[in-house]
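Trainee: My structure is below; once you've seen it, I'll send some questions.
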Amino acid sequence: MKTLVKTAAVLTLAALCAPTANAQNGAAPSSGPPVLAKNLISARFGTKLQVTSPAFASGAKLDEQYTQNGANVSPPLEWNKGPPGTISYVVLAEDSGVDRPEPIVHWIIYNISPSARGLPRDVPTNATLANGAAQGKNIAGKSGYIGPKPPAGQTHPYHFEVFALNAKLDIDPEKADRAAVVKAMKSRVLASGDVFANYTGK
């Protein structure tokens, strides 16, 4: 009887001290803050891209024209030249101000030309663009940009992340959701950077 009690006590202690399955497997927590794509993918040698926008300073307010409460058009972005070997760029716009494991995705555009140094204001929402780039699925399940619309009174940060890749991504735009694009980018990112803006819901 004493042996059984002792064994049960040891098993209970081990269960209390052991890490959870999620921790062991590196799985995302069940609630936020979410992990941005730039923190899921390491750039080789830690190289940084300098990302800016003519429409806002990093950390400033996002103008309403770039939100669902306004014209709902994408803001212009600029970045410096990627490192040698850059074959394409990817841009993701993500809201990290939500209480969930993954951020809300507002824009996925990939296979941007290596000669590009930015994106203009109001990029069309077509799945494929005339310049050869493609656009994946946003939070609404549609291609192209969709602007922020956080709950009234809540201020969320919106990160516009740019990745320089050593390859193009072979993904059908119809299947290019965040998970597919992030997975395809891993081990291909040469440099990355981002600029962010805040917006308060109405």
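The values are calculated or read from the model by the stated rules, or taken from the named source; none is laboratory data. Source: prediction; values computed, not measured. Neighbour counts run over all protein chains shown; Cβ positions are idealised from the backbone, glycine included. Surface areas here come from the heavy atoms of the whole protein model, side chains and all, with no ligands, DNA or RNA. Shrake-Rupley method; radii C 1.70, N 1.55, O 1.52, S 1.80 Å.
Trainee: Restrict the check to region 157-178 and report whether at least one residue is without any contact (Cβ under 8 Å) to a residue 60 or more places away in the chain, open to solvent by 60 Å² or more (accessible area, probe 1.4 Å) and not charged (D, E, K, R).
Mentor: no
Trainee: Kindly provide the set of residues from region 120-145 that are outside any loop (DSSP other than H, G, I, E, B) and either at pLDDT below 95 or surrounded by fewer than 17 Cβ atoms within 10 Å (Cβ to Cβ) (or both), ordered by number.
Mentor: Matches in region 120-145: 128 only.
Trainee: Scan region 13-39 residue by residue and report those that are at pLDDT 80 or above and either open to solvent by less than 80 Å² (accessible area, probe 1.4 Å) or of a type in the set (Phe, Trp, Tyr) (or both).
Mentor: Within region 13-39, 34, 35, 36, 37, 38 qualify.
Trainee: Scanning for something closer than 24 Å to residue 167 by Cβ, aliphatic (A, V, I, L, M) and in contact with a His (Cβ under 9 Å, 6 or more places away or on another chain), does region 87-99 turn up at least one residue?
Mentor: yes
Trainee: Something else now. List every residue pair whose Cβ atoms sit under 8 Å apart, with the two residues 6 or more apart in sequence or on different chains, where the first one lies in region 57-75 and is at positive phi and the second, anywhere, is of a type in the set (Gly, Ala, Ser) and outside any loop (DSSP other than H, G, I, E, B).
Mentor: What qualifies is 59/197.
Trainee: Filtering region 179-194 down to residues that are open to solvent by 80 Å² or more (accessible area, probe 1.4 Å) and under 15 Å from the mean Cα position of the chain (by Cα), which residue is modelled with the lowest pLDDT?
Mentor: Among them, the one singled out is 186.
Trainee: What are the residues in region 110-132 that are closer than 24 Å to residue 70 by Cβ and aliphatic (A, V, I, L, M), if any?
Mentor: Within region 110-132, 119, 123, 127, 129 qualify.
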